[in-house]
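Report on the following structure.
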Amino acid sequence: MIRSLFALVLATSLVGCGFHLRSKLTLPDDTPAVKVESSVRYSELVKLLERGVRASGTSVVAADAGTAGEKFARLQVRSERWGDLPIAIDAQGRAQEFSLRYAVVFVFYRHDGSVLVPEQVIELSRDYVSPPVDATGTTTEREILADELRREMAASILRRVDSVVRAELQQEKKSPLDVAPPKQEKPDGSVD
């Protein structure tokens, strides 16, 4: 009884504060399939992006699939960059704390080749401590953070694509009467 009451109170408080689950990725209705491309040959980010696109209900074109006459949208990851930046040093000048940075440049093309999401850069970072005297486990911590950053990057890219598509759908829903016509400039420089 107490557990069910607790669950009810928890659910009510989450709804009351505005919490709601994210909806799945929205792509244009005329998107037949998506091909995720990357400049990095065996990128883990590509695998995560493909999984996210599949979860949205859109089919994914295999990376090695031929392109002869096929129409599909392309999510192109143009570059992935990793970097470690020391942010704290000890009395001997050895780095103790680092900032792990991950930057990705991507663009999303429609199946007709036009740009849906223009080229964008997303950069994520996480800080971690790596004592120079006792380095036990710091490599593992860095790998865990790198995996976490990859997952967050894939989610960020898919959210950007989703937000652009949703904005376009909202724009299409507006009737022409709601939108004021653009002002026309006459050859003499006056404005209508």
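The values are calculated or read from the model by the stated rules, or taken from the named source; none is laboratory data. Just so it is clear, the model here is predicted, and its values are computed rather than measured. With ideal geometry, Cβ positions are generated from the backbone for all residues, glycine too; neighbour counts draw on all protein chains shown. What goes into the accessible areas is simple: the full protein's heavy atoms, side chains included, and nothing from ligands, DNA or RNA. Shrake-Rupley method; radii C 1.70, N 1.55, O 1.52, S 1.80 Å.
Let's see how each residue does on (1) open to solvent by less than 30 Å² (accessible area, probe 1.4 Å); (2) under 25 Å from Val115 (Cβ atoms); (3) touching a Lys or Arg at 6+ places or on another chain (Cβ under 8 Å):
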| residue | (1), (2), (3) |
| --- | --- |
| Leu45 | yes, yes, yes |
| Arg51 | no, yes, no |
| Ser56 | yes, yes, yes |
| Val61 | yes, yes, yes |
| Glu70 | no, yes, no |
| Gln76 | no, yes, no |
| Arg94 | no, no, no |
| Leu100 | yes, no, yes |
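Among the residues of region 110-124, which ones are open to solvent by less than 30 Å² (accessible area, probe 1.4 Å) and either out of contact with any helix residue (DSSP H, G or I) (no Cβ under 7 Å at 6 or more places or on another chain) or farther than 30 Å from Thr139 by Cβ (or both)? Scanning region 110-124 gives Leu116, Val117. Considering each of Glu123, Glu152, Glu141, Glu119 in turn, give the residue that is farther than 24 Å from Leu49 by Cβ and acidic (Asp, Glu). Unique residue meeting the criteria: Glu141.
Restrict the check to region 81-91 and report whether at least one residue is surrounded by 14 or more Cβ atoms within 10 Å (Cβ to Cβ) and in contact with a Lys or Arg (Cβ under 8 Å, 6 or more places away or on another chain). Taking every residue of region 81-91 in turn, none turns out to be surrounded by 14 or more Cβ atoms within 10 Å (Cβ to Cβ) and in contact with a Lys or Arg (Cβ under 8 Å, 6 or more places away or on another chain).
Of all residues in region 8-43, those that are at pLDDT 75 or above and of a type outside the set (D, E, K, R) total 9.
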